[in-house]
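Working notes for the structure below.
Every number in this text was worked out from the coordinates using simple rules, so none of it is lab data. Owing to the predicted nature of the structure, the values given are computational and were not obtained by experimental measurement. Cβ placement follows ideal geometry from the backbone for every residue including glycine, while neighbour counts extend to all protein chains displayed.
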Amino acid sequence: MKKIKFPSAQTVLLIIAAFVALLTWFIPSGQYDRLSYNADENTFVKTSSELTETLEASQKTLNDLGVKIPLEKFTSGAIYKPISIPGTYKELESRPQGFVEFIQAPLKGIIAVADIIILVLFIGGLVAIVNFTGAFEAGINRLSAVLKGKEYILIIAVTSLIALGGTTFGLAEETIAFYPILIPIFLAAKYDAIVVLACIFIGSQLGCMISTINPFSTIIASNAAGINWTTGFLSRVIFFFIGLLACILYILRYARKVKNDASKSIIFDQKEAIEKMFAFQKSSKEIDFNLRLKLVLIIFTLCFIVMVYGVSNLDWWFLEMTGVFFVGALVIGFLCRINETVFVNTFMKGASDLLGVAFIIGLARGVTVLMENGLISDTLLFYASSFTEGMPKGIFINVMLFIYSGLTFFIPSSSGMAVLTMPILSPLADTVSLGREHIVNAYLFGNGLFNFINPTGLILAALAMIKVGYNKWLKFVIPLILILTLLSMIFLTITVYF
């Protein structure tokens with residue numbers, strides 16, 4: 001009997017899109033009114049399904065609307081997206097998504113994330129240029145010699161640094177740039193591709209999950225809840241290091257098994273194919289790690305440093321990040337005197353190698369398009385807010401954790417989740433005599449836990465980078481998710497009572 005093969009990431013996303021389209025036929029359409037701040041005119045704009053009206057930008061207006069957020073959160077720019085207005089949910093005429101909408105959704109998704117797709121393609125081009133120079137092979141050979149017997153340092157360093165990026169400035173989508181360079185390094189250290197995926201993806205997701213000062217989650221969620229983001233900061237810092245330690249130990253345990261016996265790898269059946277794809281072919285004679293190749297790797301590394309600095313300090317986004325990698329490729333081409341035709345062909349080949357990843361990102365966005373057009377996210381939020389009435393606070397906060405995990409499938413954006421749900425769900429803390437920082441924590445942990453496996457998030461794109469199936473990832477990560485879920489529940493329970 002022929003073994004049934006797990007579908008590709010693209011097929012998984014199309015199945016999920018079909019499921020979401022089906023849900024729009026059964027879940028009632030509904031929406032909360034939205035409130036946004038117009039800085040140019042210093043007014044509030046209230047938008048509903050029937051009309052749009054301009055209101056005075058005052059604390060009285062907020063109080064009258066039942067929005068328990070200080071006015072300065074809006075006027076300072078801390079809240080820059082439209083928020084949901086409590087008590088305004090209403091069912092709307094059903095907007096089921098049919099066959100035409102299902103077909104158009106992936107296309108709309110690709111258009112919506114064109115900036116991310118272009119970034120991915122240019123990263124592929126840059127990596128191909130650096131690979132062409134031989135700098136990767138020479139550098140990895142040198143690194144392998146230096147770390148011989150101490151390869152575990154790679155796991156600790158990469159996971160920790162990326163987690164720090166996640167917890168401070170929300171390092172997530174940008175990590176796609178790290179896979180092409182780190183995969184060969186980890187393979188040279190006798191680990192498998194799952195280990196490098198774990199270090200990068202788990203590192204970034206844990207950082208975003210236990211965010212300390214991440215402006216795209218903790219700060220915007222705290223502002224939308226009407227509290228200062230520093231409330232609960234110290235406890236989150238402590239929990240971040242506990243969570244990071246758990247993740248590193250989990251990855252190290254698996255990595256040690258694979259290093260000692262390659263057959264223990266979850267993806268052992270793909271070992272040769274992945275190594276052929278990513279491990280550099282050994283030359284007949286070892287490449288001299290000369291000054292020019294060192295400069296190539298320095299320029300390549302500087303691209304990432306400049307990218308991180310720009311995102312965290314200069315308000316850069318995907319356009320600027322793409323420009324950095326493009327300039328890096330051009331500089332390396334001039335430095336190594338690569339023939340113009342060879343440069344273009346090599347760059348295009350590298351970009352085409354990541355075209356599948358780019359399409360996965362667009363398809364994932366297409367699922368979100370169906371949810372938004374079907375108007376079912378607010379309906380789920382409305383019923384979730386009604387579900388927790390009258391609960392003891394210990395049970396309440398843990399139920400909120402799982403509510404946020406469920407909502408993450410329908411609202412994968414952390415900042416979008418914050419502004420849509422916090423004005424509705426954070427006042428529930430008042431009813432059980434809890435500080436609203438506990439709701440912020442439940443939002444962070446619930447959102448973060450599901451994003452480890454969320455097919456509408458980044459995981460399928462990351463898996464496509466290393467050519468590993470979603471089922472293999474689930475087999476690896478589910479035990480860790482259970483550990484982190486238990487730790488999160490213990491943390492939330494302790495903090496609400498002490």
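Quick rundown of the values:
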item: Ellipticity estimate at 222 nm from DSSP helix runs (n ≥ 4, -39,500 (n - 2.57)) divided over the chain, nearest 500; result: -21000 deg cm²/dmol
item: Relative frequency of Cα-Cα separations exceeding 21 Å in the range 152-246, percent; result: 35
item: For TRP316, distant residues with modelled amide H under 5 Å away; result: VAL311
item: Qualifying chymotrypsin sites (Phe, Trp or Tyr not before Pro) in the range 405-487, DSSP loop, other Cβ atoms within 10 Å at most 14; result: none
item: Phi to ³J(HN,Hα) by Karplus 6.51 cos²θ - 1.76 cosθ + 1.60 over the range 235-245, Hz, x for Gly, Pro; result: 5, 5, 4, 4, 5, 4, 5, 5, x, 5, 4
item: Normalised alpha carbon radius of gyration of the chain [divisor 2.2 N^0.38 Å]; result: 1.02
item: If the convex hull is drawn through the Cα atoms of the range 321-421, its volume per residue in Å³; result: 143
item: Residue pairs, from the table LYS349/LYS475; LYS108/LYS472; LYS150/LYS264; LYS259/LYS472, whose Cα atoms sit over 22 Å apart; result: LYS349/LYS475; LYS108/LYS472
item: Residues with amide H under 5 Å from that of ASN214, placed H, sequence gap 5 or more; result: ILE219
item: Integer Hz, Karplus 6.51/-1.76/1.60 couplings in order for the range 180-190, x for Gly and Pro; result: x, 7, 7, 4, x, 5, 5, 5, 5, 7, 6
item: Karplus (6.51, -1.76, 1.60) ³J(HN,Hα), θ = phi - 60°, over the range 410-425, in Hz, Gly and Pro reported as x; result: 8, 10, x, 6, 5, 6, x, 4, 4, 6, 7, 9, 4, x, 8, 8
item: Hull shadow area, averaged, the range 308-357 [alpha-carbon convex hull, nm²]; result: 4.3
item: Rounded to the nearest 20 debye, dipole of the range 34-88 from Cβ charges on Lys, Arg, Asp, Glu; result: 280
item: Paramagnetic reach from LEU314 (point 7 Å along Cα→Cβ, amide N under 15 Å) across the range 96-123; result: none
item: Cβ charges +1 (Lys, Arg) and -1 (Asp, Glu), total dipole of the chain, debye; result: 2140
item: Interchain or long-range residues, amide H under 5 Å from THR24's placed H; result: GLN97
item: Where GluC sites (Glu not before Pro) fall in DSSP loop in the range 335-410, at most 15 other Cβ within 10 Å; result: GLU389
item: Stokes-Einstein D for the range 34-88, Kirkwood Rh over Cα pairs, 37 °C, 0.692 mPa s (µm²/s); result: 294
item: Virtual spin-label span in nm between THR52 and LYS5, 7 Å along Cα→Cβ; result: 4.9
item: Calculated FRET value between LYS276 and ALA145, using beta carbons and R₀ = 22 Å, to 0.05; result: 0.45
item: Cα-based helix-to-principal-axis angle, 377-387 vs the chain, degrees rounded to 10; result: 60
item: Farthest toward positive dipole pole in the chain [+1 Lys/Arg, -1 Asp/Glu at C-beta], among LEU22, ALA39, VAL195; result: VAL195
item: Charge context of GLU53, other residues only, Cβ under 14 angstrom, K/R +1, D/E -1; result: -3
